[in-house]
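First comes the structure, then the notes that go with it.
We did not get these values from a lab; they are worked out from the coordinates using the rules stated. Everything quoted here is computed from the prediction, not taken from an experiment. Positions of Cβ are backbone-derived with ideal geometry, glycine not excepted, and every protein chain shown enters the neighbour counts.
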């Protein structure tokens, strides 16, 4: 009697991608740092009290150097810099994620329509987006937030709209590479509607470059948000935000450099972590590299 050899269970595509990602040490470091920052954002109130040390002014403790009581020192109003950076993490992560979501939703929808239908839809949509691409993203965001007014929701809308052309072009290119394949033709042959084909067949097979773009764009978005706050078009005082903290402390950079070092490091760490994760995802999602 022949011995039955058990079949080796095939790993799912998601498990294979995750396995390849785990082999990239720099990407895992970026993922761990981002996970830690997400926990800091969620438990910011437990880590540092907002009303007492983040925005409450205490002129008897102005310009204190880093110590056990104040790990990052205090600012010109006696506020704890560590507490402000902790609560600023919540704002930066929240605004960054929502802004990228706006860009991804609008850009992905326009890119999917242009790539799938082609013809007049493609020409009209892509020419409009080409005009937007001709304007630097930062200038476009400044123009939008200036016209809408400086506030957190308007800043998210402005940064989100400025990122639409990039996502639209990435999505369109991804759809063009899969829309004429056999399984798409088979779906059309059995009478599947266009929106069903796009949502259930075309987009899932085009997600790899879109995911990578979203991860890398999140870092750029956080940098843009900090830049808008730095020039006074974003988060207003006394709300703690990294760009606004840099702007308020620039006059004291020579005498009290810790006022700008720690907010600057926070921006650098989160953007570097997102870029490391984005590079790792790009490599893990590209089967040609393995």
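For the pair segment 25-60 / segment 233-290, the C-alpha centres are spaced 13 Å from each other. Taking only Cα atoms, what is the 0 to 90° angle, nearest 10, from helix 13-22's long axis to the longest principal axis of the chain? For helix 13-22, the angle is close to 40 degrees.
With Cα atoms as the point set, the radius of gyration and Dmax of the chain evaluate to 23.3, 89 Å. For segment 227-266, pairs of C-alpha atoms spaced more than 11 angstrom apart make up 57 percent of the total. Normalised by 2.2 N^0.38 Å, with N the number of residues, the alpha-carbon radius of gyration of segment 120-161 equals 1.33.
Once Rh for segment 1-151 is found with the Kirkwood sum over Cα pairs, what is the Stokes-Einstein diffusion coefficient at 25 °C and 0.890 mPa s, in µm²/s? Translational diffusion coefficient: 117 µm²/s. Sorted from longest to shortest, the spans of the Cα atoms of segment 184-224 along the three principal axes equal 47, 14, 9 Å. With the simple spin-label model, which puts each label point 7 Å out from Cα in the Cβ direction, the residue 265 to residue 138 separation comes to 2.5 nm. Using only Cα coordinates, the Kirkwood hydrodynamic radius of segment 204-290 works out to 14.6 Å.
Calculated over segment 64-202, the projected area of the Cα convex hull averaged across directions stands at 12.3 nm².
Among 140-153, 56-69, 87-100, sorting by the average number of other beta carbon atoms lying within 10 angstrom of each residue, highest first, gives 87-100, 140-153, 56-69. The relative contact order of the chain comes to 25 percent, based on Cα pairs under 8 Å that sit 6 or more residues apart.
Using only alpha carbons, segment 38-97 has a radius of gyration to Kirkwood radius ratio (Rg to Rh) of 1.01.
Taking the longest Cα principal axis of the chain as reference, the axis of helix 137-148 is set at about 70 degrees. Over all pairs of different C-alpha atoms in segment 137-274, the reciprocal of the mean inverse distance, the Kirkwood hydrodynamic radius, equals 17.5 Å.
Relative to the dominant Cα principal axis of the chain, helix 207-230 is inclined by about 20°.
Packing around the peptides 206-218, 184-196, taken as the average count of other Cβ atoms within 10 Å per residue, puts them in this order, highest first: 206-218, 184-196.
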